[in-house]
Amino acid sequence: MKMSDFERIRLVILGGAGVGKSCIIKRFLFKTYSDKYRPTVEDLYNREYDLGSVTLKVDILDTSGEMQFPAMRRLSIATAHAFLLVYATTSEASLGCVKQCFEEIREQRADFQDIPMVIVGNKYDLTASHREVRIEDVSEWVFCELPKLKVKVLECSAKDDYNIMEIFRTFVTLSRILPVNGSAESGSGLKRRSSAYVSASSKAKPRSRSLIRRSSRKTKQQIQNASGAEDCNIQ
């Protein structure tokens, strides 16, 4: 597929409170980790990556895990190009929150089967003694009970930096910006070009308008058409 000179993707992070959504983002972007918990209202990060033939501009929206912001959640779902759904491997209830988030996506987005999604269980470092959710059960829910999706299921540990890079490499693959065995072999496959910014909406009134300029209609159609319908699980 011929790509344009630049692509822009808005990645929205959804999941319950305290599952480690912000920890995953900060581990990926800043290589940092903290055990301190600060509830998120809405934070927006931006990065540019040089993928060789294309410059990938990524907006990462970290959303609240609380359910008292339905209007903000609806807006984030409506403007997303990809979703990261996060649960905690130590909390069965958190998987229920992910399922609720998915139902909201399915209700609001007629194109939900074409949207890249990664469903990830964080806190893998605690599974030896506190596991409540098996990845096999999550995979069964995703691949057996739901329509075929552009999705992958992973487990990670923001604390131990386990599978964090794989999460974001998977989005590049699912979006068909790089082939499965393409440039991702060199480290992360993502070569940063600019620093991140964060809009700390917990300290300021959240914006109600989209903060991303969508890709061209032609490019969006190319990405959708390139998604193979044979298998929703990228190996």
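The values are calculated or read from the model by the stated rules, or taken from the named source; none is laboratory data. Since the structure is predicted, the reported quantities are computational estimates derived from the model, not experimental observations. Here the Cβ is made from the backbone with ideal geometry for all residues, glycine too, and neighbour counts use every protein chain on show. For accessibility, only protein heavy atoms count, side chains too; no ligands or nucleic acids. Shrake-Rupley method; radii C 1.70, N 1.55, O 1.52, S 1.80 Å.
Odds and ends about this structure:
- Yes/no for Lys123 being open to solvent by 20 Å² or more (accessible area, probe 1.4 Å), touching a strand residue (DSSP E or B) at 6+ places or on another chain (Cβ under 7 Å) and among the basic types (Lys, Arg): yes
- Put simply, of Phe28, Phe69 the only residue that is out of contact with any Cys (no Cβ under 9 Å at 6 or more places or on another chain), open to solvent by 50 Å² or more (accessible area, probe 1.4 Å), more than 21 Å from Pro147 (Cβ to Cβ) and in contact (Cβ under 8 Å) with a residue 24 or more places away in the chain is Phe69.
- Candidates in the range 142-161 are the residues that are part of a loop (DSSP other than H, G, I, E, B) and at pLDDT 95 or above; of these, the one that is nearest to Phe83 (Cα to Cα) is Cys156.
- Looking only at residues of the range 81-107 that are of a type in the set (D, E, K, R) and touching a residue at least 12 places away in the same chain (Cβ under 8 Å), we find that the one that is most open to solvent (accessible area, probe 1.4 Å) is Glu92.
- Looking only at the range 15-55, residues that are aromatic (Phe, Trp, Tyr) and not in a helix (DSSP H, G or I) come to 4 in all.
- Listed by first and then second residue, the pairs linking a residue in the range 136-153 that is in contact (Cβ under 8 Å) with a residue 60 or more places away in the chain to a residue that is open to solvent by 70 Å² or more (accessible area, probe 1.4 Å), with Cβ atoms under 8 Å apart and 6 or more places separating them unless they lie on different chains, are Lys148/Gln113; Lys148/Ala229; Lys148/Asp231; Leu149/Gln113; Lys150/Gln113.
- Of the criteria (1) part of a strand (DSSP E or B); (2) among the aliphatic types (A, V, I, L, M); (3) surrounded by fewer than 19 Cβ atoms within 10 Å (Cβ to Cβ), which one Ala110 fails: (1)
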